[in-house]
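The values are calculated or read from the model by the stated rules, or taken from the named source; none is laboratory data. Just so we're clear, the structure is a prediction, and the values are computed from it rather than from any experiment. All Cβ positions, glycine included, derive from the backbone under ideal geometry; neighbour counts span all protein chains shown. These area figures cover heavy atoms from the full protein model, side chains too; ligands, DNA and RNA do not enter into them. Shrake-Rupley method; radii C 1.70, N 1.55, O 1.52, S 1.80 Å.
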Amino acid sequence: PSSSSSSCLSVVCMAELLRHKLYINVKLDVGHWLLQQLQHCVEPIHESVPLLIDDFVQALCISGSTGIGQTTVAHLTPFSTTVIFENCHIRTSNKSLSVLLLYYTLMLNSQVESSQGKTNLKEYSEDFVSTLPVKYLLSYCEKRELQYRCIYPRMLKLVVNQYPHLFTPSILLSEESSQFNGRVGLESNLLHSDLPFIHPNKSNQEPGLEEVHTVLSSCQTNPAAAVVMLLRLQALPLLSLEKYTQHIVEAVIPSLMRGSIDDRISELFMSIWMSLHGFTPLQLTLLTVRQLCADISLQSRNRFNLDSIILDPLVLFNCDRRSFQCPTLLSILLHCVQMALTGSRNKYLRMVSANVDVLKPDEMQNFLLAQESAAVQLLLEVFVALSRESIDESIFIKLRLLICQFIHRSFVDNPILSKLVHFQTYPTSLLPLLVAEVASMHICFDFIPELLLSRDPNKVVFAMELTDFLSRKYPLPKSLNVSKNALSRLKFMSKHRTATDDNELLVRSLKAVVNLCVTFPSLAEEAVDVFIDIGGQDGARKQAVRSVVADTFNSSERMHDGATTKDVVVVAFRRLVEMLAQRT
């Protein structure tokens, strides 16, 4: 049936039978009949067809629930995964059948989930759905909006609700950038290189699978041939490129891990990977993760599936450590981590809404927040480890930028995550980097006063140093108020010290206090009281206070040399040192 058909009586009649449960006494395999109808559907799709699929899925859920005899189930059986897989793939000629079967699969999963355990019907697994070309068929329907106008909005809603990780902003922007900018920029670079260049129009013959794997596996020893092969692959239509996915991933990723690979190969591979990601993202992610975890035993690696990754996204950080040392692989890994975290949040929240016996809603939110903060903390640990490695400076800058961009997006998506990460604290050596590179760090001003009230002196000192770096970057009235609050808290702690360890922590915070006076000279007098209280009557501690002030004064005078604010800063420091000398 199609929308141009003069009659669709059989479809309408069957829909009525299903809707009113009149199929119970009918000796007819409804599933087999429906599949035959879907196989004969042509564009444009008749508006009754998606309604019939809805009624069929609803009847399946009812027949699988308690209270309905087993004879009902004999006439209503869901489509097998084999039937769906054989008829719902990229290279099939019957695209209408593929679209309708994908819609059926998503609708059944949605109905089973919303039944809240009242049906014995099982939903199709994440691993099975990952083999279906979800994004490709969505794109196909979007381009043929008139032919699929009765089903495209419904299917889009189902995909977004069940697989929001396919539509994260960073991934969509990367895919779009790859489509529009990747080819032009790479061809421009290659035209000025000494490598042979094959124009796509002059290479119409598709390379063989073994040829692709052999050439790309030797990309370190023969980069020219690998570049030409990647260009040939990139010139192919996505329908043709898709069959090379596994060979490309398995050949190039190990070479990238070994390092010393031509930059043009990395750029071409990244462009092709992003193009394929917009085509079959779930299957590509699984193939990529298994390659990134090459140092894990084969048996453990094969256990990686989408279900396990979605349920525990942090398992991705068990990948080969060399993945974190290559900008291309780190970028891909962070895409996979972002997808897994988004999918995990959606998966667990849907389980709560379906009343699955897991956690209460508040407990689930806390669990998800802890999971996302753990991902950020692991990335910060990765950065600390990278800073100790002997990595080329240009590569290190790229790695640093990728990590900071991921943290920035995470903080923007969920500002509460920023608060949790900073209440957990992290090495203060990372503060200059994060304040400089993570644009969303300014939201820390909202919770620094609360962090300053912590009973843990380490957190108070961490908050002082955070205030220092943020105030230097954002010298605003709001940061001035937070700085005053920080000085007041430090002064209170200096008068109510309960342990000798607190003294050392307070001395550590003095440099931040001096820097605050550089940023806001009006705080100088209040800072002196803090210095006096911390110095006390102990001669060694008093000398330590003087040393901190003098050293910071000298370094700040050099740092501000030639700056327009130099005179103000120098005068403020001299005033601070003089007042400290008089008061002590």
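Just to confirm the filter: which trypsin sites (Lys or Arg not before Pro) across region 308-379 are DSSP coil and have at most 15 other Cβ within 10 angstrom of their Cβ? It would help to have the intermediate numbers written out before the result.
On the way: sites: Arg321, Arg322, Arg345, Lys347, Arg350; in loops: none.
Sites meeting the loop and neighbour criteria: none at all.
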Rounded to whole Hz and in sequence order, give me ³J(HN,Hα) for region 236-242 from the Karplus expression 6.51 cos²θ - 1.76 cosθ + 1.60, θ = phi - 60°, writing x for Gly and Pro. 6, x, 4, 4, 7, 5, 4
³J(HN,Hα) across region 430-439 via Karplus (A = 6.51, B = -1.76, C = 1.60, θ = phi - 60°), whole Hz, x for Gly/Pro? 8, 4, x, 5, 5, 5, 6, 9, 9, 5
Residues with amide H under 5 Å of Leu132's amide H, sequence separation 5 or more or different chain, H placed in the peptide plane at 1.01 Å from N; which? none
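Need the full-extension length gain, Ala385 to Lys118, defined as separation in residues times 0.36 nm minus the C-alpha distance. One decimal, nm. Mind dumping the intermediate values first?
On the way: separation 267, 0.36 × 267 = 96.12 nm, distance 4.99 nm.
In short, 91.1 nm is gained.
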Taking θ as phi - 60°, what are the ³J(HN,Hα) couplings along region 388-398 by the Karplus curve (6.51, -1.76, 1.60), each to the nearest whole Hz, with x for Gly and Pro? 8, 7, 8, 10, 3, 4, 5, 5, 4, 5, 5
Around Tyr244, under 15 Å between beta carbons, what's the net of Lys plus Arg minus Asp minus Glu among the other residues? -2
For region 401-473, take the alpha-carbon Rg, divide it by the Kirkwood Rh, and send me Rg/Rh. 0.93
Near the amide H of His46, under 5 Å away, which other amide H atoms are found, from residues 5 or more places off or on another chain, if H is placed in the peptide plane? Ser2, Ser3
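Considering only protein heavy atoms, what per residue accessible area in square angstrom results for region 406-486 with a 1.4 angstrom probe? Spell out each step's value before the answer.
On the way: 3370 Å² over 81 residues.
Roughly 42 Å² per residue, with all protein chains present.
Any of Lys122/Lys347; Lys135/Lys347; Lys419/Lys478 with alpha carbons more than 28 Å apart? Name them for me.
On the way: Lys122/Lys347 16 Å; Lys135/Lys347 19 Å; Lys419/Lys478 18 Å.
Long pairs (Cα-Cα over 28 Å): none in the table.
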7 Å from Cα along Cα→Cβ at both Glu47 and Leu433: what's the point-to-point distance in nm? 5.8
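Could you give the length gained by full extension between Ser240 and His442, i.e. 0.36 nm per residue of separation minus their alpha carbon distance, to one decimal place? Each step should come with its number before you reach the end.
On the way: separation 202, 0.36 × 202 = 72.72 nm, distance 4.68 nm.
Stretched out fully, the Ser240 to His442 stretch lengthens by 68.0 nm.
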Give, in nm to one decimal, the length gained when the segment between Glu206 and Phe167 is fully stretched (0.36 nm per residue of separation minus the Cα-Cα distance). 10.9 nm
